[in-house]
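The values are calculated or read from the model by the stated rules, or taken from the named source; none is laboratory data. Here the structure is a predicted model, which is why all the values come from computation and not from measurement. A quick note on method: Cβ atoms are made from the backbone with ideal geometry, for glycine too, and the neighbour counts reach across all protein chains shown.
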């Protein structure tokens, strides 16, 4: 009898192991498959969210400006609808030129002229050091004080940072070259940073 029990122990273990595989195996497999599906779903969600963000903010990718020249000149006209100005600047000591400057929507406009402040009675007042610091705005490391496109007007002397984009450079390469003896037309320029040096 004792020998029979001794021989039955391995058989019982095999039966129990088979029972576990039969009934618990599918559950374990489903859990593993569920985890794999969950990780794949998360990857798809992350890709979708990244694509959505890219579509929602197309300006962010396009606004990698390439710096070019710095122009100093006088404003002769301002066009609020087209968000541009006409700048007259010296090409040589004797010759001047005019160019239309398209000001980007995210352009930073600064002024070296201290903004006018008034007290409660409407009288001019001298700004305190704290008020001057506040007038510099968020970009306190930039020269001058914070301003905006609406403050640009005729007669002002500006420092204009001309920029371009990769798309514009590639587009200009595809344009036909001017014929011999033909003067190239002055194209609209682009600026993402302007300083008001003086008022008119």
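Candidates are the residues of the range 132-177 that are under 18 Å from the mean Cα position of the chain (by Cα) and without any contact (Cβ under 8 Å) to a residue 24 or more places away in the chain; the one that is surrounded by the fewest Cβ atoms within 10 Å (Cβ to Cβ) is 138. All of (1) at pLDDT 90 or above; (2) farther than 24 Å from residue 136 by Cα; (3) under 29 Å from the mean Cα position of the chain (by Cα); (4) in a loop (DSSP other than H, G, I, E, B) hold for residue 77 with one exception: (4).
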